[in-house]
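The values are calculated or read from the model by the stated rules, or taken from the named source; none is laboratory data. The structure displayed is predicted, hence computed values, not measured ones. Cβ coordinates were reconstructed from backbone atoms using ideal geometry, including for glycine residues, and neighbour counts include every protein chain displayed.
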Amino acid sequence: MGLCEHLQRAGHRVRIGCKAGSPLIEAMRAAGLDVHSLRISGKGNLLAPFRLAGFARDFGAEVLHSQLSSAAVHATLAGRLLHIPSIAHVRALNSALCYRFATRVIAVSHAVRDHLVRQGLSGERVDVVYNGVDPARYYLPCTREEARVRLGLPLDALVVGVVAHLTEKKGHAVFLEAFRQLAAQCPDAVALFLGEGGQREPLELQAESLGLSSRVQFCGFHADVLPFYAAMDIVALPSIGGEGLPRALLEGGLLRRPCVGTRLSGAPEIVREGETGFLVPIRDAAALADRLQTLAGDAALRERFGAAAHDWISTRFSVQAMIDGTLNCYERALGER
């Protein structure tokens, strides 16, 4: 959605076809985007490519740009029906099969590109374009103290936040083991879990068994996460399963929060070890606890890492770089047609 907004603001004609019933439709319309509900869901939907082709033909589209794997399958076929290029945008460690016949592919990180190439996709057809983080959308709306008053958090607490869907691959269980060690050394430490998911009950039981029920807050899903970031001292993402380019690390870094992530997929492209935060091995609760304790005991280090993270994210993951990279990919695809 953000990419479409910025392409439209840059003067390009953008029309969006979205699967019927998606909650994104109203959000995109509210943002001033031209979005239409289409019956295109499901990889086995044999009519979807023809519906997309008609939709694009009526608009006079020069390029079809798909998001997610099912849309890529349909858009690739629609592009061939219309004899126009199709661009597949890959945001996770997906099967390359879905993108094999796209004109070009955009990967959100080098980790995603490498994953696709290992499956046989030609690296010459894959452009790495990082997601841009818009500072007009991600900013601190209040001070740390004001945020904590609003959220009912102790003013003098050390607050560590995990912003992620409550699924096993996000590593919340590993974080709780690490946080138990941190809490023993840092009695004022509090953890916030932002997100919902099927692992909530098991994680609540784990927190209780570790004696952390009063120290770990399950905050649920919030459309507006900015006050929570404002309240945090550290952002952690202890993922144990592959991710394309973890957004929580981008957001936390832009908002001047030091981040601790795992050496996995796109995380090392965001967190600069020992400069903007720390990276730890997957499933290593002891290493995670050690890095959290290092940051917990050194406010000056947190400040320095946070400032460096802001500068790095602002430069490397800018909206303009995302727009330029996307348009360059379009031009290559049109040239290859």
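List of remarks:
- Residue in region 137-149 that is buried (at least 21 other Cβ atoms within 10 Å of the Cβ) and aromatic (Phe, Trp, Tyr) present: no
- Among the residues of region 250-264, those that are touching a residue at least 24 places away in the same chain (Cβ under 8 Å), part of a loop (DSSP other than H, G, I, E, B) and not aliphatic (A, V, I, L, M) comprise Arg256, Arg257, Pro258.
- Scanning region 167-178 for residues being among the polar types (S, T, N, Q) and buried (at least 18 other Cβ atoms within 10 Å of the Cβ) gives a total of 0.
- Failed item, numbered, when Val128 is tested on (1) among the hydrophobic types (A, V, I, L, M, F, W, C); (2) out of contact with any Gly (no Cβ under 9 Å at 6 or more places or on another chain); (3) assigned by TED's automatic domain parsing to the domain that holds Ser95: (2)
- Any hit, region 214-234, residues being surrounded by fewer than 21 Cβ atoms within 10 Å (Cβ to Cβ), touching a strand residue (DSSP E or B) at 6+ places or on another chain (Cβ under 7 Å), farther than 23 Å from Thr143 by Cα and modelled with pLDDT of 95 or more: no
- Options Arg302, Arg316, Arg332, Arg283; residue that is in contact (Cβ under 8 Å) with a residue 40 or more places away in the chain and at positive phi: Arg283
- Count of residues meeting criterion [in a loop (DSSP other than H, G, I, E, B) and not acidic (Asp, Glu)] in region 265-283: 9
- Selection status of Ala307, surrounded by fewer than 15 Cβ atoms within 10 Å (Cβ to Cβ), more than 26 Å from Gly2 (Cα to Cα), among the aliphatic types (A, V, I, L, M) and out of contact with any Phe, Trp or Tyr (no Cβ under 9 Å at 6 or more places or on another chain): no
- Here is the figure for region 36-57: residues that are crowded, with 16+ Cβ neighbours inside 10 Å and not in a loop (DSSP other than H, G, I, E, B) total 8.
- Qualifying residue in region 151-166 (condition: crowded, with 16+ Cβ neighbours inside 10 Å, in the same structural domain as Ala223 (by TED's automatic domain parsing) and of a type outside the set (A, V, I, L, M)): yes
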